1. How about region 244-274: which of its residues are of a type outside the set (Gly, Ala, Ser) and outside any helix (DSSP H, G or I)?
2. Only residues in region 282-298 that are without any contact (Cβ under 8 Å) to a residue 24 or more places away in the chain and in the same structural domain as Ala251 (by TED's automatic domain parsing) count as the first member; pair them with residues that are assigned to a helix (DSSP H, G or I) and not basic (Lys, Arg), Cβ under 7 angstrom, at least 6 apart or cross-chain, and list the lot.
3. Do the conditions hold for Ala243, that is, is it more than 23 Å from the chain's Cα centre (by Cα) and at pLDDT 95 or above?
4. Looking at Gly270, is it free of Cβ contacts under 8 Å to residues at least 40 places away in the same chain and on the phi > 0 side of the Ramachandran plot?
5. Counting only residues that are assigned to a loop (DSSP other than H, G, I, E, B) and among the hydrophobic types (A, V, I, L, M, F, W, C), which one in region 87-109 is farthest from Ala179 (Cα to Cα)?
6. Inside region 203-233, can you point out the residues that are of a type in the set (S, T, N, Q) and in contact (Cβ under 8 Å) with a residue 40 or more places away in the chain?
7. Can you name the residue in region 124-172 that is in a helix (DSSP H, G or I) and small (Gly, Ala, Ser) and, of all such residues, is nearest to the chain's Cα centre (by Cα)?
8. Quickly run through region 63-109 and pick out the residues that are β-branched (Val, Ile, Thr), over 17 Å from the mean Cα position of the chain (by Cα) and buried (at least 16 other Cβ atoms within 10 Å of the Cβ).
Amino acid sequence: MRLSAAALILGALMLSGCARQPLLRPAGVVAPLELAATPFFPQDAYQCGPAALATVLAATGVTVTPAALVPEVYVPARRGSLQPELVAAARRRGRQPVPLPAELSGLRSALAFRAPVLVLLNQGLGIWPVWHYAVVVGLDPVTDAVVLRSAETRRAVVPAERFLRQWRAAGAWGVTLHAADAPPPWAELADWLDTVSVWARTGQTSLALTATATAVRRWPRAASAWLAHGNALYARARPGAAATAFERALALQPTAGGYNNLAHVLTELGCRDAALAAVSTARSRYGEYPLLAQTASAAAALPANNCAR
């Protein structure tokens, strides 16, 4: 049976309407990109979290096994792991977890930077979720697929459409891990300093100092970076350098805490006049508060100005 020209045109339009557009090329992926040397740790039972975390840690040079991570990140009652536990375990091993933009283009940026991406997927339904951690190691625009280290499969090739659906259903959560002196291009200062604060609280002061020194080079106009650097220097018994960092922070953005910190280290250095001047400026701008009163009392108690800067 012969079809009319109108029927042929209609059929062509219907077929073109059903054709799926590739997702990776609009995301800027023009050539296959795969981190083939990324390690692989097959998971045991429900322990995809330890296996995936071990994969990205090992890719950054940390020697670790999933079994060593299980006590830290696996929650038996949940038969799985939560993101905060994974992030905390990475920080304990000296790595900075950096959130990734929740787009395929973000994955491309990470892989181009040689950083595999730890992701959370929902392989079930919205009302019946099946959570799964995997590691993105490649993007293939030819087949429009994402390459994963996943479960028991070293090289799982997943259609980009399915991956994106499952990733978004899990909140599009993804992180890369980095050394304290190597922030990736997509790192945000607030995220970087979150890890610094954890390292400072847990006694990892050398890592905190390295990370803040990196921060002031990367974000030299950010007062918060200089404040954090001053605190890290002080924790490493370098009050003179800390005072300089606090002064840089105050020049960028005066704050009550910054003046108090500066006055505190100046007092420790015996710089009575400069410490009292910092206290006076803080009081005139921000009023009185307990920490400032304690610092002022300590500075005033110095016998004379004997500055050791």
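The values are calculated or read from the model by the stated rules, or taken from the named source; none is laboratory data. Note that the structure is a prediction, hence the values are computed from the model and not measured. No Cβ is skipped: glycine too gets one built from the backbone with ideal geometry, and neighbour counts run over all protein chains shown.
1. Filtering region 244-274 down to residues of a type outside the set (Gly, Ala, Ser) leaves 244, 246-248, 250, 252-255, 259-262, 264-269, 271-273.
Of everything in region 244-274, those that are of a type outside the set (Gly, Ala, Ser) and outside any helix (DSSP H, G or I) turn out to be Gln253, Pro254, Thr255, Leu269, Cys271.
2. Once the first residue is without any contact (Cβ under 8 Å) to a residue 24 or more places away in the chain and in the same structural domain as Ala251 (by TED's automatic domain parsing) and sits in region 282-298, its partners that are assigned to a helix (DSSP H, G or I) and not basic (Lys, Arg) give Arg283/Leu292.
3. Numbers: more than 23 Å from the chain's Cα centre (by Cα): yes; at pLDDT 95 or above: yes.
It is true that Ala243 is more than 23 Å from the chain's Cα centre (by Cα) and at pLDDT 95 or above.
4. Details: free of Cβ contacts under 8 Å to residues at least 40 places away in the same chain: yes; on the phi > 0 side of the Ramachandran plot: yes.
Considered against the rule, which asks whether it is free of Cβ contacts under 8 Å to residues at least 40 places away in the same chain and on the phi > 0 side of the Ramachandran plot, Gly270 comes out as yes.
5. Restricting attention to region 87-109, the residues satisfying the condition of being assigned to a loop (DSSP other than H, G, I, E, B) are 93-95, 100-103.
With among the hydrophobic types (A, V, I, L, M, F, W, C) added as a condition, the list becomes 100, 102.
Working: Leu100: 16, Ala102: 22 Å.
Looking at the filtered set, the residue picked out is Ala102.
6. Narrowing region 203-233 to residues of a type in the set (S, T, N, Q): 204-206, 210, 212, 214, 224, 231.
If the condition is that a residue be of a type in the set (S, T, N, Q) and in contact (Cβ under 8 Å) with a residue 40 or more places away in the chain, then Gln204 is the only one that fits.
7. So the first thing to find is which residues in region 124-172 are in a helix (DSSP H, G or I), and the list is 160-169.
With the extra rule that they be small (Gly, Ala, Ser), the set shrinks to 160, 169.
Numbers: Ala160: 24, Ala169: 21 Å.
So, considering only residues that are in a helix (DSSP H, G or I) and small (Gly, Ala, Ser), the one nearest to the chain's Cα centre (by Cα) is Ala169.
8. To start, the set of residues in region 63-109 that are β-branched (Val, Ile, Thr) comprises 63-65, 70, 73, 75, 87, 98.
If we keep only those that are over 17 Å from the mean Cα position of the chain (by Cα) too, we end up with 63-65, 70, 73, 75.
Of everything in region 63-109, those that are β-branched (Val, Ile, Thr), over 17 Å from the mean Cα position of the chain (by Cα) and buried (at least 16 other Cβ atoms within 10 Å of the Cβ) turn out to be Val64, Val70, Val73.
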